[in-house]
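Some notes on the structure that comes next.
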Amino acid sequence: MKEVDVVVIGGGVTGTAILSYLSRYDLRCMLVEKAPDIAMGTTKANSAILHAGFDAPTGSNKARLNVEGNALYHELKDELDLDIKWTGSYVVAKTDEEIAALEELKARGEANGVPGLEIVSGEKLRESEPNLTEEIKAALFAPTAGLCWPFGVAAAFAENAAENGAEIVRDCEVIRITPEADGSGFIVRTMQGELKAKTVVNAAGVYADKVSALAGDDSFTITPRKGEYILFDKTSQQSLVKGIIFPVPSKTSKGILVCATTHGNVFIGPNANDTDNKEDLSVSTPGMNEIIAGAKKMIANLPMGAAITQFAGLRAVSSTGDFIIGRSEKVKGLYQAAGIQSPGLTSAPAIGKEIAAMVAEDLGAKEKAEYKKGRPPQPVIREMTREEQKKLIQDDKRYGLIVCRCETITEGEICDAIHRPCGARTVDGVKRRTRAGMGRCQGGFCGPRVALILARELHLPVTEIRKDGEGSFLYYDKEQEAY
Ligand SMILES: Cc1cc2nc3c(=O)[nH]c(=O)nc-3n(C[C@H](O)[C@H](O)[C@H](O)COP(=O)(O)OP(=O)(O)OC[C@H]3O[C@@H](n4cnc5c(N)ncnc54)[C@H](O)[C@@H]3O)c2cc1C
């Protein structure tokens with residue numbers, strides 16, 4: 001039976017960040033993820049904002065870890081080569097009552113330790129965001145907020161951890177956790193067999209209550225809260241926004257926003273509706289109408305013809321109302337990273353750092369002398385100069401063959417995505433690592449070609465290549481295999 005010091009359950013941004021920080025210590029670490037790839041839970045469907053940290057109540061785990069996480073991303077951007085744009089964010093107000101709410105948010109943010117908060121006039125706001133309605137009178141500007149690419153963040157943490165000896169096993173659901181009678185650890189049963197672990201870290205997203213209960217701690221529950229979105233193509237930034245625009249928040253969410261993405265698109269959403277189904281990622285007509293109405297309060301004319309897709313994500317709302325972080329009070333050797341709703345993406349590095357330090361202290365582990373910072377470089381053709389492109393293509397012709405025409409992604413980049421540490425195994429895994437299939441045609445042209453490249457590079461029949469989730473095999477007739 002395989003033996004490790006730590007097993008992290010869940011390969012979202014929380015689990016991969018924890019693994020990355022654990023890999024700095026002299027520990028045998030493994031991450032197990034039930035899906036075919038990392039970051040297929042809430043991490044793949046959210047607003048992608050690195051929040052400044054003025055929303056959460058002062059003194060909460062959310063407030064503390066948000067501000068710490070935001071500061072860590074400012075350091076990690078270069079170290080892990082993360083796709084981040086530090087745009088700052090605005091909360092906008094139309095009425096005197098809303099302007100008073102901005103003052104409250106500013107005071108709370110200052111108490112939370114958020115630097116540089118400033119209330120600006122509507123005119124000043126429209127100098128940078130001219131499409132916003134004239135009805136907006138003032139806005140709270142937070143200069144430390146930014147946009148990121150959440151999948152890219154999780155992939156970077158996973159790649160860094162793998163470079164430092166951590167093991168990542170996908171398609172590996174944990175189905176039973178049995179504490180050893182002598183308190184020396186746990187037998188963890190997965191869909192790929194059993195392993196023995198001295199400690200278990202629970203980072204299972206909306207399933208964190210179930211995983212905790214498997215290990216014997218049923219002290220909290222997680223309720224999914226759905227948020228739906230509409231994504232516009234890249235023509236929309238001109239008529240919409242370049243940064244992050246929030247309304248004044250409600251009790252349950254930060255409100256329906258209008259927001260750019262790191263790759264030049266714009267989205268509107270999310271709404272916030274509780275559900276009892278941990279798998280419900282459906283979008284609905286009432287949901288779409290709700291987010292359109294919400295966004296129109298800030299921009300009257302939405303370019304609905306430029307909408308390219310809709311999607312939904314599930315917030316993991318804990319029964320305590322806060323992040324549940326650290327040692328389980330009921331089970332020795334179990335560590336919780338549960339209830340990680342927003343600002344969980346922003347907080348991930350701070351959660352990772354804190355939990356890794358706790359586990360290392362309890363196991364008496366030291367920091368590794370030979371820890372490798374960063375991750376292998378990833379070539380991105382569309383961001384290179386002509387000269388750089390020419391050189392790369394001379395060395396490897398696959399970088400001259402464009403597979404995704406919408407996003408200009410080459411065969412070389414797709415092969416790199418497959419062979420990187422914790423590389424792509426599915427068509428959508430390639431999409432999230434390279435953007436092949438994220439453009440206007442949404443993979444209609446390149447999807448089948450990507451499947452054939454995956455089959456060739458992984459030495460598998462194409463009938464075994466999945467689009468994304470469990471069982472999503474693609475069928476091709478023999479003639480199409482001649483690529
Ligand atoms: C609508 C919405 C908007 C948001 N916007 C923002 C934002 O702008 N900024 C921000 O900071 N945060 C935001 N968040 C929150 C952020 O997305 C989450 O906090 C973060 O993605 C949570 O990551 P995670 O790793 O904890 O969970 P997940 O990404 O869900 O990962 C958990 C993983 O555990 C795996 N798993 C579950 N059970 C098992 C098992 N038994 N065995 C093995 N694996 C298992 C799952 O398959 C999953 O991959 C938003 C969330 C939503 C829903």
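For the stretch 1-59, the fraction of C-alpha pairs farther apart than 15 angstrom is 60 percent.
Along its principal axes, the stretch 205-262 has C-alpha extents of 53, 24, 16 angstrom, given from the largest down. Between their Cα atoms, which of Lys210/Lys467; Lys44/Lys372; Lys106/Lys296; Lys2/Lys226; Lys44/Lys390 are more than 29 Å away from each other? As for pairs spanning more than 29 Å Cα to Cα, those are Lys2/Lys226; Lys44/Lys390. The trypsin sites (Lys or Arg not before Pro) found in the stretch 257-351 that occupy coil by DSSP, while having at most 15 further C-beta atoms within 10 Å, are Lys330, Lys332.
Of the three principal axes defined by the Cα atoms of the stretch 146-214, the extents in descending order read 46, 28, 21 Å.
Rounded to the nearest 10 square angstrom, Glu33 shows an accessible area of 30 square angstrom against a 1.4 Å probe. Principal axis analysis of the Cα atoms in the stretch 381-482 yields extents of 42, 30, 29 Å, listed in decreasing size. Here Lys242 is the anchor, and the aspartates and glutamates within straight C-alpha reach of less than 14 Å, apart from those fewer than 8 places off in the same chain, are Glu127, Glu129, Asp233. Considering only Cα atoms, the convex hull volume of the stretch 195-341 works out to 137 Å³ per residue.
Across the accessible surface of the stretch 171-315, with the other protein chains kept in place and a 1.4 Å probe, carbon and sulfur atoms take up 51 percent. Here the Karplus curve 6.51 cos²θ - 1.76 cosθ + 1.60, taken at θ = phi - 60°, turns the phi angles of the stretch 266-279 into couplings of 9, 10, 10, x, x, 8, 8, 9, 5, 9, 9, 10, 6, 10 Hz, with x standing for Gly and Pro. Per q in 0.08 Å⁻¹, report the Debye log10 I(q)/I(0) for the chain, using one uniform scatterer on each alpha carbon and no solvent. At q = 0.08 Å⁻¹ the computed log10 ratios are -0.48.
For the chain, Cys29, Cys148, Cys172, Cys259, Cys406, Cys415, Cys422, Cys441 have no disulfide-compatible partner, since no other Cys C-beta lies under 4.7 Å from theirs.
For the full complex of protein chains and a 1.4 angstrom probe, list Asp37, Asp322 by accessible area with the highest value first.
Solvent-accessible surface, decreasing: Asp322, Asp37.
In units of the compact-protein estimate 2.2 N^0.38 Å, the stretch 376-439 shows a Cα radius of gyration of 1.04. Accessible area of Ile325 (1.4 Å probe, protein heavy atoms only, ligands and nucleic acids ignored): about 40 Å². Working note: Debye formula, equal point scatterers on the alpha-carbon atoms of the stretch 57-210, no solvent; log10 I(q)/I(0) at q = 0.10, 0.16 Å⁻¹ is -0.60, -1.02. Each peptide in 448-457, 360-369 receives the mean, over its residues, of other Cβ atoms within 10 Å, and ordering these scores from highest gives 448-457, 360-369. Using a probe radius of 1.4 angstrom, the carbon and sulfur fraction of the accessible surface of the stretch 381-482 is 52%.
A simple spin-label model places pseudo-atoms 7 Å from Cα toward Cβ; at Val380 and Ala213 they are separated by 4.2 nm. Once all protein chains are placed together, His74 keeps about 80 Å² accessible to a 1.4 angstrom probe.
The values are calculated or read from the model by the stated rules, or taken from the named source; none is laboratory data. Keep in mind it's a predicted model, so treat the numbers as computed, not measured. With ideal geometry, Cβ positions are generated from the backbone for all residues, glycine too; neighbour counts draw on all protein chains shown. The protein model used for the area step is the full one, side chains on, heavy atoms only, and it has no ligands, DNA or RNA in it. Shrake-Rupley method; radii C 1.70, N 1.55, O 1.52, S 1.80 Å.
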